[in-house]
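Take a look at the structure below.
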Amino acid sequence: MKILVIEDEPNVAAFIKRGLQEQTFEVEVAYDGNTGKKLALQNEYQVIVMDVILPHLSGLDLCRQLRQEQLRTPILLLTALGTTDDVVDGLEAGADDYLPKPFKFRELVARVRALARRAEPVTTSHLLYAGDLTMNLDTKEVTRAGKPIHLTAREFALLEFFLKKQGKVLSRVDLLENVWDLNFDLGSNVVDVYVNYLRNKIDKDFPAKLLHTVVGMGYMLKEPENV
């Protein structure tokens with residue numbers, strides 16, 4: 001498995017590289033955002049691990065630019081900034097996971113392996129449905145009643161999980177572990193923030209609602225006729 005590490009502190013970069021290599025990963029390192037972008041677009045990696053604060057091009061801007069280039073490689077952000085707003089900003093920029101510093105190296109390895117597994121194809125069907133909502137996994141397009149629904153990468157991943165588990169109550173922990181691979185404390189409101197983002201896009205302008213709150217338990221997506 002080939003990993004790209006983008007970290008401007010040489011000692012931290014060396015520590016991460018050495019540790020990942022001991023886990024049999026192949027690792028390349030970039031020490032600034034511009035170099036990291038060039039390597040990410042020129043080579044094929046299973047996971048990209050990057051700091052948020054980087055010279056020349058910040059980690060958040062780099063995430064946005066890589067996603068604009070249609071790069072789908074999973075991205076894990078490493079940063080000392082760990083508030084809910086910081087996490088939301090990182091995920092909204094296109095990151096797949098977020099690990100605050102300082103971290104335990106075993107957790108970093110577990111996150112990297114989880115992201116690599118998630119990136120592997122897990123379904124032979126490229127279309128998911130719920131009522132008049134359709135998701136195309138190949139083109140990353142979502143429509144409802146024929147109307148295009150424009151989602152961020154994080155919103156798309158959240159909706160995809162809801163569609164695959166429709167009719168089931170999903171707790172905040174379920175969503176964190178399967179959509180974010182994050183181990184937040186239960187006080188985090190990241191899930192609620194993104195569910196509201198998603199609800200505003202797929203339900204707000206339509207009379208029949210798909211996404212429902214199950215008080216005290218979590219959320220459920222189900223077709224309107226089953227409500």
Residue-count net charge about VAL142 - beta-carbon cut-off 15 Å; Lys, Arg +1, Asp, Glu -1: +1
Accessible surface of the chain [probe 1.4 Å, protein heavy atoms]: carbon and sulfur percent: 50
Positive dipole terminus of the range 88-167, leading residue within VAL112, ALA95, TYR129 (C-beta point charges): VAL112
Dipole magnitude of the chain about its Cα centre (Cβ charges: Lys, Arg +1; Asp, Glu -1), debye to nearest 20: 480
Dipole moment magnitude, nearest 20 debye, the range 59-114 about Cα centre, only Lys, Arg, Asp, Glu C-beta charged: 380
Out-of-range pairs (alpha-carbon distance over 19 Å; input LYS37/LYS140; LYS168/LYS201; LYS140/LYS164; LYS147/LYS204; LYS2/LYS37; LYS37/LYS104): LYS37/LYS140; LYS168/LYS201; LYS37/LYS104
Placed amide H near THR79: partners under 5 Å, 5+ positions off or other chain: LEU99, LYS101
Structure-derived Cα extents along the principal axes in Å: which label, when the choices are [x] 47, 45, 31; [y] 75, 35, 27; [z] 57, 35, 30: [z]
Dipole axis of the chain (+1 Lys, Arg; -1 Asp, Glu on Cβ), positive-most option in VAL142, GLN68, ASN43: VAL142
Partners for LYS101 among lysines (Cα-Cα distance below 18 Å; same-chain residues under 8 apart left out): LYS17
Cα centre as origin, Lys/Arg/Asp/Glu Cβ charges: the range 1-87 dipole, Debye: 280
Relative contact order computed over the chain (Cα-Cα under 8 Å; 6+ residues apart), in percent: 13
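The values are calculated or read from the model by the stated rules, or taken from the named source; none is laboratory data. Predicted, not measured: the structure shown is a model, and the values here were computed from it. Methodologically, a virtual Cβ is constructed for each residue, glycine included, from the backbone with ideal geometry; neighbour enumeration extends over all protein chains shown. These area figures cover heavy atoms from the full protein model, side chains too; ligands, DNA and RNA do not enter into them. Shrake-Rupley method; radii C 1.70, N 1.55, O 1.52, S 1.80 Å.
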